[in-house]
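Student: Sharing a structure with you now.
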Amino acid sequence: MLFNWRKKRKRARFYRLTRAILDTPAMPVKDAPWAIISMIANSDVQMYLLAMKSFYRRIGRGKIIVIIDRDMPGESRALLERHFPGIRFSILEDIDTGACQRGGTWERLIYLLDHAQNEYAIQIDADTLTFGVDVDEVIRCAENNVAFTLGHRGRPIENMAATAADARGRDSNYIGIVAERLFDRYPGAANLNYVRGSSGFAGFAKGGFPRARIEEFHRNMEKMLGERWQEWGTEQCGSNFAVANSPGAFILPNPKYGNFGRHMPDAQRTFLHFIGSDRYEKDYFLDRSLEMIEEISVKQH
């Protein structure tokens with residue numbers, strides 16, 4: 001209870017001190033042969049503005065699509081349309097997940113894979129921030145139709161059996177690790193890959209991985225794990241599997257791109273995913289956000 005109270009206070013403070021993002025100039029959508037897609041909760045609109053404006057400044061172009069709840073207030077939609085003229089909305093409840101579960105952001109993964117049958121799709125979370133010089137690696141992937149993901153502590157794209165062996169040596173009950181321990185029992189594992197990445201930032205190649213294969217992955221993992229496969233975090237396994245088994249998949253270089261943590265070493269960084277309980281630690285997210293807001297405001301005057 002105390003942890004939740006502190007988290008709510010930190011979140012409220014972050015939102016209060018970054019409200020200036022609401023007054024920054026609009027970024028009209030510029031067309032490109034890719035789409036930048038996010039799923040945002042009604043309470044995350046302001047944080048999404050920070051994430052998307054910081055990223056769009058550097059990538060420079062691309063369709064912008066947000067997956068929203070049907071009950072998102074009209075004023076929130078209007079705010080998004082004002083900041084990103086040309087933005088498109090898709091309704092979460094209208095996404096058909098087929099054989100995959102609903103919830104846990106599985107709707108987002110299915111939407112991304114369906115969209116990527118026609119054009120390259122980039123997934124970006126609202127709790128990310130782009131603050132370095134460039135995102136050249138991401139642009140190259142999009143231009144050359146190469147899938148990418150945000151890596152995890154140097155883990156490579158590898159055979160599923162290798163991932164299973166590594167996971168068995170880890171003392172964790174997190175569903176992602178629990179699932180990985182069974183990967184050498186997955187049908188056809190000898191010819192399949194996996195990457196321990198983050199679904200918070202990933203690129204899906206046009207035609208690179210069909211929806212039918214993720215539905216098959218979901219069915220197979222559900223058979224092996226039963227009810228535990230319904231836990232939060234399994235969608236990330238699906239995203240990692242889809243990227244790793246796409247032709248020529250690429251892991252974004254660390255430390256330039258990474259996940260924020262309170263014990264993260266100092267380094268030259270461009271992009272961070274501010275995940276979980278460490279999100280507001282050391283005011284790093286806040287300080288980089290304030291710098292970005294000032295940067296946008298200055299460059300527009």
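The values are calculated or read from the model by the stated rules, or taken from the named source; none is laboratory data. Just so you know, these numbers come straight off a predicted model, no measurement behind them. Backbone-built Cβ (ideal geometry, glycine too); neighbour counts: all protein chains shown. Quick note on the areas: whole protein, heavy atoms, side chains included, nothing else; ligands and nucleic acids left out. Shrake-Rupley method; radii C 1.70, N 1.55, O 1.52, S 1.80 Å.
Student: Of the residues Asn42, Asn118, which is under 26 Å from Arg288 (Cβ atoms) and touching a residue at least 24 places away in the same chain (Cβ under 8 Å)?
Tutor: On the way: Asn118 fails: under 26 Å from Arg288 (Cβ atoms).
Every option except Asn42 fails the conditions.
Student: Give the residue, chosen from Gly104, Gly154, Gly132, that is within 21 Å of Tyr257 (Cα to Cα) and either in a helix (DSSP H, G or I) or open to solvent by less than 40 Å² (accessible area, probe 1.4 Å) (or both). Reasoning before the result, please.
Tutor: Working: Gly104 fails: within 21 Å of Tyr257 (Cα to Cα); Gly154 fails: either in a helix (DSSP H, G or I) or open to solvent by less than 40 Å² (accessible area, probe 1.4 Å) (or both).
Among Gly104, Gly154, Gly132, only Gly132 is within 21 Å of Tyr257 (Cα to Cα) and either in a helix (DSSP H, G or I) or open to solvent by less than 40 Å² (accessible area, probe 1.4 Å) (or both).
Student: Among the residues that make up the range 275-290, is at least one of them buried (at least 17 other Cβ atoms within 10 Å of the Cβ), under 25 Å from Leu17 (Cβ atoms) and without any contact (Cβ under 8 Å) to a residue 60 or more places away in the chain?
Tutor: yes
Student: Also, quick follow-up: Of the conditions (1) surrounded by 14 or more Cβ atoms within 10 Å (Cβ to Cβ); (2) of a type outside the set (Phe, Trp, Tyr); (3) touching a residue at least 40 places away in the same chain (Cβ under 8 Å), Pro28 fails just one. Which one is it?
Tutor: Condition not satisfied by Pro28: (1).
Student: If I filter the range 166-180 down to residues being out of contact with any Asp or Glu (no Cβ under 8 Å at 6 or more places or on another chain) and outside any loop (DSSP other than H, G, I, E, B), which single residue comes out as nearest to Cys237 (Cα to Cα)? Walk me through how you get there before you give the answer.
Tutor: Of the range 166-180, the ones out of contact with any Asp or Glu (no Cβ under 8 Å at 6 or more places or on another chain) are 168-174, 176-179.
Applying the additional criterion that residues be outside any loop (DSSP other than H, G, I, E, B) yields 168, 176-179.
Working: Arg168: 16, Gly176: 6, Ile177: 9, Val178: 11, Ala179: 8 Å.
Going through the qualifying residues, I end up with Gly176.
Student: Being assigned to a loop (DSSP other than H, G, I, E, B) and either open to solvent by less than 30 Å² (accessible area, probe 1.4 Å) or over 17 Å from Val243 (Cα atoms) (or both) narrows it down to one of Phe201, Phe209, Phe217, so name that one. Don't jump to the end; show me each part of the working.
Tutor: On the way: Phe201 fails: assigned to a loop (DSSP other than H, G, I, E, B); Phe217 fails: assigned to a loop (DSSP other than H, G, I, E, B).
Just a single option satisfies the conditions, and that option is Phe209.
Student: Right, Ser172: among the hydroxyl-bearing types (Ser, Thr, Tyr), open to solvent by less than 10 Å² (accessible area, probe 1.4 Å) and under 28 Å from Phe260 (Cα atoms) or not? Steps first, please.
Tutor: Details: among the hydroxyl-bearing types (Ser, Thr, Tyr): yes; open to solvent by less than 10 Å² (accessible area, probe 1.4 Å): no; under 28 Å from Phe260 (Cα atoms): yes.
Spelling it out, it is not the case that Ser172 is among the hydroxyl-bearing types (Ser, Thr, Tyr), open to solvent by less than 10 Å² (accessible area, probe 1.4 Å) and under 28 Å from Phe260 (Cα atoms).
Student: Suppose the filter is crowded, with 22+ Cβ neighbours inside 10 Å, touching a strand residue (DSSP E or B) at 6+ places or on another chain (Cβ under 7 Å), farther than 30 Å from Asn220 by Cα and aliphatic (A, V, I, L, M); does Leu50 pass it? Please lay out each step first, then the result.
Tutor: Details: crowded, with 22+ Cβ neighbours inside 10 Å: yes; touching a strand residue (DSSP E or B) at 6+ places or on another chain (Cβ under 7 Å): yes; farther than 30 Å from Asn220 by Cα: yes; aliphatic (A, V, I, L, M): yes.
So Leu50 fits the description; yes.
Student: Okay, moving on. Going by the structure shown, is Arg196 touching a Pro at 6+ places or on another chain (Cβ under 7 Å), touching a residue at least 24 places away in the same chain (Cβ under 8 Å) and assigned to a loop (DSSP other than H, G, I, E, B)?
Tutor: On the way: touching a Pro at 6+ places or on another chain (Cβ under 7 Å): no; touching a residue at least 24 places away in the same chain (Cβ under 8 Å): yes; assigned to a loop (DSSP other than H, G, I, E, B): yes.
The answer is no for Arg196.
Student: To continue, here is another question. Can you tell me how many residues in the range 33-47 are open to solvent by 10 Å² or more (accessible area, probe 1.4 Å) and either closer than 17 Å to Ala202 by Cα or part of a loop (DSSP other than H, G, I, E, B) (or both)?
Tutor: Final tally of qualifying residues: 3.
Student: So in the range 85-101, with the set limited to residues that are part of a loop (DSSP other than H, G, I, E, B) and in contact with a strand residue (DSSP E or B) (Cβ under 8 Å, 6 or more places away or on another chain), which one is farthest from Arg140 (Cα to Cα)? So that I can check it myself, show each step before the final result.
Tutor: Initially, the range 85-101 is screened for residues part of a loop (DSSP other than H, G, I, E, B), giving 85-87, 95-101.
Now narrow it down to the ones that are in contact with a strand residue (DSSP E or B) (Cβ under 8 Å, 6 or more places away or on another chain): 86-87, 95.
Working: Gly86: 24, Ile87: 23, Ile95: 30 Å.
Here the answer is Ile95.
Student: Among residues belonging to the range 1-25 that are of a type in the set (Ser, Thr, Tyr) and under 20 Å from Ile275 (Cβ atoms), point out the one that is surrounded by the fewest Cβ atoms within 10 Å (Cβ to Cβ). Lay out the reasoning, then the answer.
Tutor: Of all residues in the range 1-25, those of a type in the set (Ser, Thr, Tyr) come to 15, 18, 24.
Still in the running and under 20 Å from Ile275 (Cβ atoms): 15, 18.
On the way: Tyr15: 13, Thr18: 19.
The residue in question is Tyr15.
Student: Would you please list the contacts, defined by Cβ atoms under 6 Å and residues six or more apart or on different chains, that run from a residue in the range 157-184 that is among the charged types (D, E, K, R) to a residue that is assigned to a loop (DSSP other than H, G, I, E, B)?
Tutor: Qualifying pairs under 6 Å: Arg168/Arg181.
Student: Return the pair list, or none, for Cβ contacts closer than 6 Å from residues in the range 245-266 that are under 15 Å from Lys282 (Cβ atoms) and in contact (Cβ under 8 Å) with a residue 24 or more places away in the chain to residues that are part of a loop (DSSP other than H, G, I, E, B) and open to solvent by less than 70 Å² (accessible area, probe 1.4 Å), at least 6 apart or on different chains.
Tutor: Phe260/Phe274
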